[in-house]
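Readers should treat all values here as calculations from the given coordinates under stated rules, not as data from a laboratory. Because the structure is a prediction, the values reported are computed rather than measured. Neighbour counts are summed over all protein chains in view; Cβ atoms, including those assigned to glycine, are modelled from backbone coordinates with ideal geometry.
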Amino acid sequence: MKELEDLGVRRVLLSGMPLTYNMPLARFIVRWGMCFLLGEQFYRSTIEGISELVCGHSREAIEFTKESCPRLKVAFFDEASSLTQHGAGGVGGGFWKDSWHPSCQGHAMLAKDAGACLKSLL
């Protein structure tokens, strides 16, 4: 970030890891890894726990950046939260193109949410 600041960049949008229970592939991987032995709530808790851990580190990185690079304005886009909000329909519900990638419509929804975060930097 210091290099960006030295190059004259003044606004940065950081996105959290896009991992959410609503992502069909994430559910499959956790279920497969647990050999389909445990209940749905366990799968949800596992995925959400990993996501929160990563987002927590992202937020810590933002706070560190604000302290060490005072000329930078930094915002955090919680992509997992946006995916959770919009992607609940699963594959075929319009948001997801496949088990991992949002459709064009899904990307438009994410872009709108990311744009709201960018506005906080102005």
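Could you tell me the calculated FRET efficiency between HIS101 and SER45, based on Cβ-Cβ distance and R0 = 25 angstrom, to the nearest 0.05? Show your work: numbers first, answer last.
Numbers: r = 25 Å, r/R0 = 0.98.
Using R0 = 25 Å, I get an efficiency of 0.50.
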Label-point gap, in nm, between GLU63 and LYS112 - each point 7 angstrom along Cα→Cβ
3.3
Packing rank of 8-16, 112-120, 69-77, where each peptide gets the mean count of other beta carbons within 10 Å, highest leading
69-77, 8-16, 112-120
Please work out how much length the chain gains when fully extended from LEU14 to LEU121, using 0.36 nm per residue of separation minus the C-alpha to C-alpha distance, in nm with one decimal.
37.4 nm
17 Å reach of a label modelled at GLU5, 7 Å along Cα-to-Cβ, counting backbone N of the stretch 62-82:
62-76
